[in-house]
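First the structure, in the form of structure tokens, and then the observations on it.
The values are calculated or read from the model by the stated rules, or taken from the named source; none is laboratory data. Everything numeric here is computed off the predicted structure, so don't read it as measured data. Backbone-built Cβ (ideal geometry, glycine too); neighbour counts: all protein chains shown.
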Amino acid sequence: MVVCVCNAIRERDVREAARGGANSACQAYRALGCQAKCGQCVPFARAIIDAERAAA
């Protein structure tokens, strides 16, 4: 599933960044070499990161 249309970031990318230590959407985006542009995706990315942290 696409999380961020502006940067073409998929859910699996955000999950991998979270597993790699990203604790926020901004950190995950930085780990992927980009940054949020319009911001519509940030709440969804945050939820994915929270789910990954809870599962760890």
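ALA47 versus (1) in contact with a helix residue (DSSP H, G or I) (Cβ under 9 Å, 6 or more places away or on another chain); (2) of a type in the set (A, V, I, L, M); (3) modelled with pLDDT of 95 or more: which is the lone unmet condition?
That leaves (1) as the condition not met.
What about ARG46, is it exposed (fewer than 15 other Cβ atoms within 10 Å of the Cβ), in a helix (DSSP H, G or I) and either out of contact with any Phe, Trp or Tyr (no Cβ under 7 Å at 6 or more places or on another chain) or of a type in the set (Asp, Glu) (or both)?
Details: exposed (fewer than 15 other Cβ atoms within 10 Å of the Cβ): no; in a helix (DSSP H, G or I): yes; either out of contact with any Phe, Trp or Tyr (no Cβ under 7 Å at 6 or more places or on another chain) or of a type in the set (Asp, Glu) (or both): yes.
No; evaluated as a whole, the condition is false for this residue.
Inside the stretch 34-43, can you point out the residues that are under 10 Å from ILE9 (Cβ atoms) and surrounded by fewer than 16 Cβ atoms within 10 Å (Cβ to Cβ)?
Residue satisfying the conditions is CYS34 alone.
Condition check: more than 11 Å from the chain's Cα centre (by Cα) and among the β-branched types (Val, Ile, Thr). Does VAL5 satisfy that?
Yes; evaluated as a whole, the condition is true for this residue.
Which residues, taken from the stretch 1-22, are touching a residue at least 24 places away in the same chain (Cβ under 8 Å) and over 15 Å from ALA54 (Cα atoms)?
VAL3, CYS4, VAL5, CYS6, ASN7, ILE9, GLU11
Can you tell me which residues in the stretch 7-43 are in a helix (DSSP H, G or I) and in contact with a strand residue (DSSP E or B) (Cβ under 7 Å, 6 or more places away or on another chain)?
GLU11, VAL14
Does any residue of the stretch 24-33 turn out to be on the phi > 0 side of the Ramachandran plot and either loosely packed, with under 12 Cβ neighbours inside 10 Å or touching a residue at least 60 places away in the same chain (Cβ under 8 Å) (or both)?
Within the stretch 24-33, one or more residues are on the phi > 0 side of the Ramachandran plot and either loosely packed, with under 12 Cβ neighbours inside 10 Å or touching a residue at least 60 places away in the same chain (Cβ under 8 Å) (or both).
In the stretch 1-33, what residues are among the charged types (D, E, K, R) and under 14 Å from PHE44 (Cα atoms)? Can you show your working first?
Taking the stretch 1-33 as the starting set, the residues that turn out to be among the charged types (D, E, K, R) are 10-13, 15-16, 19, 30.
Of everything in the stretch 1-33, those that are among the charged types (D, E, K, R) and under 14 Å from PHE44 (Cα atoms) turn out to be ARG10, GLU11, ARG12, ASP13, ARG15.
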